[in-house]
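Student: First the structure, which I've put down as structure tokens, then a few questions once you've had a look.
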Amino acid sequence: MEYFAHPTAVIDEGAQIGAGTKIWHFSHLMTGCQIGESCNLGQNVVVSPDVILGRNVKVQNNVSIYSGVTCDEDVFLGPSCVFTNITNPRSAIVRKGAYSKTHVGKGASIGANATIVCGHTIGDFALVGAGAVVTKDIPAYALVVGNPSRQIGWVSAHGHRLHFNASGIAECPESGAQYELKNGAVLPR
């Protein structure tokens, strides 16, 4: 077998799972989902039809990833974070097929208990703080916190807060990589 699945995991026929992926206790992967190589899905994770997770995505315990969500490679989804896929859900009104798309960019991290309201993009390497409620697009490298989430700074690809000098240049304290803040956006140098 190219991947590991705990005996209590439920994997529906038609779920695609990449080599080296690990699926833990009581998780459920539904028909039509696509899980990349070397992913790790913690306990009690639900992955709905048509969800796409790129390579090396880490999904912590108690996360439900609903149809309409896509994640690029190296994304981190913290414990009990929440995705939605309908902006105005009603039990008596069926809105399947009207799901709003949510995209999480490469290397982005979503903290524990954060809520991602559907229809938004979280940029590459962005960091959504624990408990934040995302109600709009998040730029690449942005650090957001609160309800509703608001940007309080920028982070490096390693997740460290960036402090820009007068020339708009910052250095990651871990990697030494430099970043430039220009026209309200951060780019690696």
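The values are calculated or read from the model by the stated rules, or taken from the named source; none is laboratory data. Note that the coordinates shown come from a computational prediction; the quantities given were computed from them, not determined experimentally. FYI the Cβ positions are ideal-geometry reconstructions off the backbone, even for glycines, and counts take in every protein chain you see.
Student: What are the pairs with Cβ atoms under 9 angstrom where one residue, in the range 67-79, is at positive phi and the other, located anywhere, is crowded, with 21+ Cβ neighbours inside 10 Å and assigned to a strand (DSSP E or B)? Sequence gap at least six, or different chains.
Tutor: Every condition considered, the pairs that remain are Gly68/Phe83; Gly68/Thr102.
Student: Sticking with this structure for a sec: Would the range 83-91 turn up any residue that is within 25 Å of Val155 (Cβ to Cβ) and part of a strand (DSSP E or B)?
Tutor: So the first thing to find is which residues in the range 83-91 are within 25 Å of Val155 (Cβ to Cβ), and the list is 83-84.
Among the residues that remain, those that are also part of a strand (DSSP E or B) are: 83.
Yes.
Student: Ok, one more. Are any residues in the range 25-61 more than 16 Å from Ser109 (Cα to Cα) and out of contact with any strand residue (DSSP E or B) (no Cβ under 7 Å at 6 or more places or on another chain), and if so, which ones?
Tutor: Residues satisfying the conditions are His25, Phe26, Thr31, Gly32, Glu37, Ser38, Gln43, Asn44, Pro49, Asp50.
Student: What is the one condition in (1) on the phi > 0 side of the Ramachandran plot; (2) touching a Lys or Arg at 6+ places or on another chain (Cβ under 8 Å) that Phe4 does not satisfy?
Tutor: Of the numbered conditions (1) on the phi > 0 side of the Ramachandran plot; (2) touching a Lys or Arg at 6+ places or on another chain (Cβ under 8 Å), the odd one out for Phe4 is (1).
Student: Take Val59 and tell me if it is under 9 Å from the mean Cα position of the chain (by Cα) and not polar (S, T, N, Q).
Tutor: Considered against the rule, which asks whether it is under 9 Å from the mean Cα position of the chain (by Cα) and not polar (S, T, N, Q), Val59 comes out as yes.
Student: Now a separate question. Checking the condition more than 24 Å from Pro7 (Cα to Cα) and crowded, with 22+ Cβ neighbours inside 10 Å, which residue from Val57, Val45, Val104 passes?
Tutor: One residue alone meets the criteria, Val104.
Student: On to the next question. Of the conditions (1) surrounded by fewer than 17 Cβ atoms within 10 Å (Cβ to Cβ); (2) outside the structural domain of Pro49 (by TED's automatic domain parsing); (3) acidic (Asp, Glu), Glu171 fails just one. Which one is it?
Tutor: The number of the failed condition is (1).
Student: May I pose another question? Looking at Ile65, Ile11, Ile17, which one is surrounded by 21 or more Cβ atoms within 10 Å (Cβ to Cβ), farther than 20 Å from Gly111 by Cα and not aromatic (Phe, Trp, Tyr)? Break it down into steps so the answer makes sense when it comes.
Tutor: Values: Ile65 fails: farther than 20 Å from Gly111 by Cα; Ile11 fails: surrounded by 21 or more Cβ atoms within 10 Å (Cβ to Cβ).
None of the other options fit; the residue is Ile17.
Student: Name every residue in the range 152-168 that is farther than 17 Å from Ile138 by Cβ and either touching a residue at least 60 places away in the same chain (Cβ under 8 Å) or surrounded by 15 or more Cβ atoms within 10 Å (Cβ to Cβ) (or both), in order of residue number.
Tutor: Kept after step one, since they are farther than 17 Å from Ile138 by Cβ, are these residues of the range 152-168: 158, 160, 163-168.
Residues satisfying the conditions are His160, Phe164.
Student: So, in the range 123-157, how many residues would count as being under 21 Å from Ala170 (Cβ atoms), touching a His at 6+ places or on another chain (Cβ under 9 Å) and among the aliphatic types (A, V, I, L, M)?
Tutor: Here the count works out to 1.
Student: Something else: Could you check, for the range 146-167, whether at least one of its residues is among the basic types (Lys, Arg) and in a strand (DSSP E or B)?
Tutor: First, pick out the residues of the range 146-167 that are among the basic types (Lys, Arg): 150, 161.
Still in the running and in a strand (DSSP E or B): 150, 161.
There is at least one residue in the range 146-167 that is among the basic types (Lys, Arg) and in a strand (DSSP E or B).
Let's see how each residue does on (1) touching a Ser or Thr at 6+ places or on another chain (Cβ under 7 Å); (2) within 19 Å of Gly78 (Cα to Cα):
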residue	(1), (2)
Gly97	no, no
His103	yes, yes
Ile110	no, yes
Asn113	yes, yes
Tyr141	no, yes
Val145	no, yes
His158	yes, yes
Pro173	no, no
Ala177	yes, no
